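Below: one structure, written as structure tokens.
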Amino acid sequence: MMNRGWDELDVLFVTGDAYIDHPAFGTPLLARLLEDAGYRVGILAQPDWKDPEALQLMGRPRLFAAISAGAMDSMVNHYTAARRLRSDDAYTPGGIAGKRPNRAVIAYTAAVKGAFKGLPTIIGGIEASLRRLAHYDYWDDNVRRSVLIDSKADLLLFGMAETALLELTRRLASGIPIGDIDDLTGTARLAKAAPNDAISLPSFEEVSNDLAAYNTAFRLASEQQNPYSARPLAQQHGSRILVVNPPALPLSEAEMDRIYSLPFTRQPHPSYQKEIPAWKQIRFSITSHRGCFGGCAFCAITHHQGKTIQSRSQNSIVNELEILTRHPDFRGTVTDVGGPTANMYGLGCNDPDAEQQCRRSSCLYPRPCRNLRTDDQRATRLLRHLRGHDKVKHLFVASGIRYDLLQKQQNYFDQLLQHHVGGLLKVAPESTSDRVCEVMRKPAGALFTEFLDQFRSRSQQLGLRQGIVPYFISSHPGCELNDMIDVALYLKRHRLRVEQVQDFTPTPGSLATCIYHTGHDPFSGKAIHIPRTLKERRLQKALLLYHRPEFANDIKEALRITGREAETETLLEASPRHSMDRKKAIRRNRKTGRIPRRR
């Protein structure tokens, strides 16, 4: 601040993550955006929330403090699905746990209010975004109020927030009191009365005491996610009314390009002495787009980034690659080019009129929408151009892949297999049980089998020793022991091994969490089995790890409980050789010349 001649900040950001000046992280991206608009911005990364002086290092900001828990909900960051305390934090130097508080948005806001009396406080990020309404909290095992009320902040920004934050800052800088700002899309506020056109949700008191009311609130809110046609939501909390305005409109390609062209250093703050694990993963990666139209029940990306795919132009991405290649530590490997789902780049709706009225939560489930554009030309052209750079030796696609889309993207599929798989391809069927897939809003198991056969056949034709790393979820709503036994037998039959199992964690905002809490699908009203006991969760997880000897007793118990002891030998007998691990696959392919050092 002294070097720049600043006597005060306009905006102070407070975040639960370490400070990495990279566009993959929300706070630095928003800070660069405000800086580009001419505002004086400072960032306090992981401050001591118990010490007011730690919040006052850069003085009182002129306009407001913008507060975020960071890239993850702080409770998900701190606790496992078994509610055990995690021992590390990927967003902290050295991976050290405990550098951010539980319920960080609430704790940081209280700390800021204590340090700067009367300063407007704005909350945002994933934690605030997905807790904007009354919501079930897995760690309290109870329904909590909107985080806007619990934090006592002045305004909540949900979603990616660039548009709302810029306009909010402009209005506050012009002298408009924050209490008079009530029409910004992508914001939530407290009001004395609901807007005339608002959808009235069951109150906090009702959803806290009535499971049917909770389902009704979730269903009504879900129907107002389309930013082109959504109406405001109103939810009573005691004597106050929470008003959630419609989501902000998706960013245009030009707006995306401008944001990602801002002068990021792409480096952690120089004061850090230890490596930040998350930085290592994204250091030489490129975000090509945001948003996801998959609509998986367990995922809340759509509620945060939106269903509309917002893609950058090829020139914008090529320019970022050029910057990466000039980095002194770049050794020729781009670790990822993608977004929430890599092969959605450049896709969208072919019918703008239909898109503006659409209420589907997924463009793929229960079947692909007839208006969905699945053309892979933009994506294949982009990958071809990027890997042709003379300083790029390897360019991988490590983001998730929707294999049900690949059926309509044969050119992308071929390019992916030939050039962009680092030995093993990550895909996420999550389950192969059709009954469970239906609850998950995922494609049926037969489609994964079709993809698996095609992957292996095409890899063999190309002379490449490549394997699949499948991701599965245990204990998801709707999954019973019999379903998981069927999945384990499927894995055994198809020579697949799962090394890491995601034990279902009910996180705020997702459909699966609503089902977990109420035991019913909020749209159909159908009763859904919920694996709640520690024993059932343990046995389901063990079945996915059928190939590991330490889980043999749990597997035998699961087979006994379900009366399927006859399948013990089939499931536990020695398996044929499975896919190689990543390092072995890469080493073998390089040795045989199948992964050239230059493209």
Problem set entry | the stretch 532-549, residues that are under 32 Å from the mean Cα position of the chain (by Cα), over 22 Å from residue 429 (Cα atoms) and part of a helix (DSSP H, G or I) | 534, 535
Exercise. Of the residues in the stretch 171-195, how many are free of Cβ contacts under 8 Å to residues at least 12 places away in the same chain and either under 17 Å from residue 233 (Cα atoms) or of a type outside the set (S, T, N, Q) (or both)?
Worked result: 5
Exercise. How about the stretch 179-210: which of its residues are over 16 Å from residue 155 (Cβ atoms) and under 29 Å from the mean Cα position of the chain (by Cα)?
Worked result: 198, 199, 200, 201, 202, 203, 204, 207, 208
Seminar exercise, completed: Here the residues within the stretch 172-199 that are out of contact with any strand residue (DSSP E or B) (no Cβ under 8 Å at 6 or more places or on another chain) and outside any loop (DSSP other than H, G, I, E, B) are 173, 179, 180
For this session: Say whether the condition of being under 19 Å from residue 144 (Cβ atoms), touching a residue at least 12 places away in the same chain (Cβ under 8 Å) and of a type in the set (S, T, N, Q) is met by at least one residue in the stretch 268-275.
Result: no
Problem set entry | Which numbered condition residue 404 misses (of (1) under 23 Å from the mean Cα position of the chain (by Cα); (2) part of a helix (DSSP H, G or I); (3) at pLDDT 95 or above) | (3)
Exercise. Given 31, 24, which one is small (Gly, Ala, Ser), free of Cβ contacts under 8 Å to residues at least 60 places away in the same chain and either over 19 Å from residue 113 (Cβ atoms) or not assigned by TED's automatic domain parsing to the domain that holds residue 125 (or both)?
Worked result: 31
Seminar exercise, completed: Flagged pairs (Cβ under 6 angstrom, 6 or more apart or on separate chains; first in the stretch 196-220, more than 14 Å from residue 237 (Cβ to Cβ); second outside any loop (DSSP other than H, G, I, E, B) and of a type in the set (Ser, Thr, Tyr)) are 211/518; 214/518; 215/518
Seminar exercise, completed: When restricted to 562, 533, the only residue among the β-branched types (Val, Ile, Thr), at pLDDT 55 or above and surrounded by fewer than 14 Cβ atoms within 10 Å (Cβ to Cβ) is 533
For this session: Enumerate the pairs (first residue in the stretch 93-118 and buried (at least 23 other Cβ atoms within 10 Å of the Cβ) and assigned to a helix (DSSP H, G or I); second residue anywhere and among the β-branched types (Val, Ile, Thr) and modelled with pLDDT of 95 or more) with beta-carbon separation below 6 Å, excluding pairs fewer than 6 apart on the same chain, so at least 6 apart or on different chains.
Result: 105/123; 105/147; 108/14; 108/67; 109/67; 109/121; 112/121
Exercise. Before we move on, is residue 167 without any contact (Cβ under 8 Å) to a residue 40 or more places away in the chain and in the same structural domain as residue 16 (by TED's automatic domain parsing)?
Worked result: yes
Exercise. Does the stretch 244-254 contain at least one residue that is among the aliphatic types (A, V, I, L, M) and surrounded by fewer than 18 Cβ atoms within 10 Å (Cβ to Cβ)?
Worked result: yes
Problem set entry | Search result, residues across the stretch 99-121 that are more than 11 Å from residue 153 (Cα to Cα) and either under 22 Å from the mean Cα position of the chain (by Cα) or assigned by TED's automatic domain parsing to the domain that holds residue 508 (or both) | 99, 100, 101, 102, 103, 104
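The values are calculated or read from the model by the stated rules, or taken from the named source; none is laboratory data. Model, not experiment: these values are computed from the prediction. Using ideal geometry, Cβ is built from the backbone for each residue, glycine included, and neighbour counts are taken over all protein chains shown.
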